[in-house]
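Report on one structure; see the data block that follows.
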Amino acid sequence: MTDTSKSSAEGIDVDELDIAPENGWNALYLDGEWLPAGDRDLIDVENPSTRATLTTVPSGTADDVDEAYAIAERAQPEWAQRPPQERAAIVSEARRLLGEYADDLETLFAVECGGVQLKAGFETQLAQGTMEVGAGLAMRDGGRRKDSITPGKENLLVREPAGVVGVITPWNFPLYLSSRVVAPAIALGNSVALKPDEHTPLTGGLVLAKVFEEAGLPGGVLNVVPGYGPEIGDHFSAHPVPSVMSFTGSSEVGRRVGRRAVGSYTEPALELGGNNAHIVLPDADLERAIAAGAFGSFTHQGQECISINRHLVHESLYDEYVAGLADRAAQLPIGDPLEEGALVGPVINERQRDKIVGFVEESIARGATVEAGGGHDGLFVEPTVLSGVTNDMPIARNEHFGPIAPVIPFETDEEAVRIANDTQYGLSGSVHSPDVARARDVADAMETGMVHINDQPLNDEPHVAFGGVGASGMGRYNDEWILDTLTTVKWISIQREPRQYPY
Ligand code: NAD
């Protein structure tokens, strides 16, 4: 393991980066203004590599949430009246600015959420992609006309913005997961109140405020309230103002948010956890399956809803697969993301690390064997491969969200499908076989929102439906699928001739 004791934050003042607001990040963004923290409590934003405090931001209160929604509600009708090309142009400009600030973003991803350079590149690209597609939505699908069963009537289906959109996002891909809602919402004429995760208030929220402000977005259309979920989340999600409550995060909190939103007649859009299976059939190209398996398990320390949580490998390939994966895991450079060449950074916090380590230890106690890794240093958890795993062990049953690859053997395709589906989640997955018809049968039988043949589950394209089933959520993101979430269709009929009523 590389030496991680030195302070990676040394020499980096996030309040002085080019992308930072004039007076630094310690502010809420309301009505187009950077509102200083005042007497609010503060959130220490920590670098997970060094545990050094990077900066502080205000801990938003219930009053701040009320204000953010009230401002958004006032700003929305006028914004929706702007011609679509104007709305699209502002989102496109925000996209361009992300490119201009790519170096600052790379630094922020490294120090705020432990993302290595490779992950920073993926995330900036994803955020730009969702802005590109989102901008295009402004000019798309204004509605349609339908014939009527009533003589002399014309039916018009008019698409209108949903109104105010509440957005709650997690820390793992903060900029992207916020952008994939904020950008299309704004392009479509909605206004937004955004609460980023308390670990990543900068990349999850305030950065977006900054680029949209610079892109010329009128004040009030996007409002950002940093804050602790357990403190203001309930108030945020049950608020009467928003028409849509978009939540990305854990299934447990998502269920609570969804219930509270529905209680206020707000439509929930929930993107939640996963327990994704990577299935390697007996005729698979072993090297390809192993390479995909390593990428799907260890990228961003396994902290993605679509990471591989379980490797299901045919018994005839099992030993070779485990050895090959262990070999790759052992070679991955671990280190502070600011260090050149680091591929595995820290996990986000102690709670997360202790959860991961606990699942590994409990699974070892129940018969699993460590084939690579198994240790940790501070928040750096070694890429770990476990053999002899069964689907009832804690590391397989739970979404471990760590750089851990539990490998489970199976005998038949049917058994692989049964094991893959034996979870409450249904987000993503992958199947390896050169026989695409066979792989397709397995993909069809997997109860997930997404499956990737001869790849791994970690895929997201801005123009392709993204989402899960079961405890992995409801609704779909990206392109036309989020267009349905962020707009409402109004039926306007015109009775052009007098109608004959029965009385
Ligand atoms: P989390 O649910 O603990 O936190 C997510 C967000 O919810 C944060 O902003 C947090 O402040 C907020 N929150 C916490 N308590 C709340 C409450 N009572 N009311 C309202 N909001 C509250 O999630 P996490 O563990 O930090 O993030 C990881 C989880 O997110 C994993 O389960 C992962 O699979 C999931 N995730 C899903 C997707 C997807 O697209 N399906 C993408 C990324 C992450």
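The values are calculated or read from the model by the stated rules, or taken from the named source; none is laboratory data. Just so we're clear, the structure is a prediction, and the values are computed from it rather than from any experiment. Note: ideal-geometry Cβ built from the backbone for every residue, glycine included; neighbour counts use all protein chains shown. Calculation scope for accessible area: heavy atoms of the full protein, side chains included, ligands and nucleic acids excluded. Shrake-Rupley method; radii C 1.70, N 1.55, O 1.52, S 1.80 Å.
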Is it the case, given these coordinates, that Val347 is open to solvent by less than 20 Å² (accessible area, probe 1.4 Å), closer than 23 Å to Arg288 by Cα and either more than 16 Å from the ligand (Cβ to nearest atom) or part of a loop (DSSP other than H, G, I, E, B) (or both)? no
Which one of these is touching a strand residue (DSSP E or B) at 6+ places or on another chain (Cβ under 6 Å) and assigned by TED's automatic domain parsing to the domain that holds Leu137: Thr56, Thr50, Thr61? Thr56
Selection within the range 124-141 - in contact (Cβ under 8 Å) with a residue 60 or more places away in the chain, within 15 Å of the chain's Cα centre (by Cα) and either surrounded by fewer than 24 Cβ atoms within 10 Å (Cβ to Cβ) or more than 10 Å from Arg95 (Cα to Cα) (or both): Leu126, Gly129
The strands (runs of 3 or more DSSP E) lying wholly within the range 163-272 that contain at least 2 residues that are open to solvent by 10 Å² or more (accessible area, probe 1.4 Å), in the same structural domain as Gly134 (by TED's automatic domain parsing) and more than 10 Å from the ligand (Cβ to nearest atom) are 267-271
Every residue from the range 1-49 that is assigned to a loop (DSSP other than H, G, I, E, B), modelled with pLDDT of 95 or more and of a type in the set (Val, Ile, Thr): Ile19
Cβ pairs under 8 Å, 6+ apart or interchain, first in the range 356-369 and in the same structural domain as Val407 (by TED's automatic domain parsing) and open to solvent by 70 Å² or more (accessible area, probe 1.4 Å), second among the β-branched types (Val, Ile, Thr) and assigned to a helix (DSSP H, G or I), ordered by first then second residue, are Glu362/Ile395
Taking Asp354 as meeting all but one of (1) assigned to a helix (DSSP H, G or I); (2) at pLDDT below 95, write down the number of the exception. (2)
Output the number of residues of the range 88-129 satisfying the condition of being part of a helix (DSSP H, G or I) and either touching a Phe, Trp or Tyr at 6+ places or on another chain (Cβ under 7 Å) or over 21 Å from Leu458 (Cα atoms) (or both). 27
Scanning the range 287-332 residue by residue, those in a loop (DSSP other than H, G, I, E, B) and within 16 Å of the ligand (Cβ to nearest atom) turn out to be Gln303, Glu304, Cys305, Ile306, Ser307
Just to be sure I understand, how many residues within the range 430-453 are open to solvent by less than 10 Å² (accessible area, probe 1.4 Å) and in a loop (DSSP other than H, G, I, E, B)? 1
Take the residues of the range 477-503 that are within 16 Å of the ligand (Cβ to nearest atom) and in contact with an Asp or Glu (Cβ under 8 Å, 6 or more places away or on another chain): which is most open to solvent (accessible area, probe 1.4 Å)? Thr485
Count - residues of the range 385-424 that are assigned to a helix (DSSP H, G or I) and crowded, with 18+ Cβ neighbours inside 10 Å: 9
Here is a list of conditions, (1) touching a residue at least 24 places away in the same chain (Cβ under 8 Å); (2) over 24 Å from Lys355 (Cβ atoms); (3) small (Gly, Ala, Ser), and Ala437 meets all of them except one; can you say which number that is? (1)
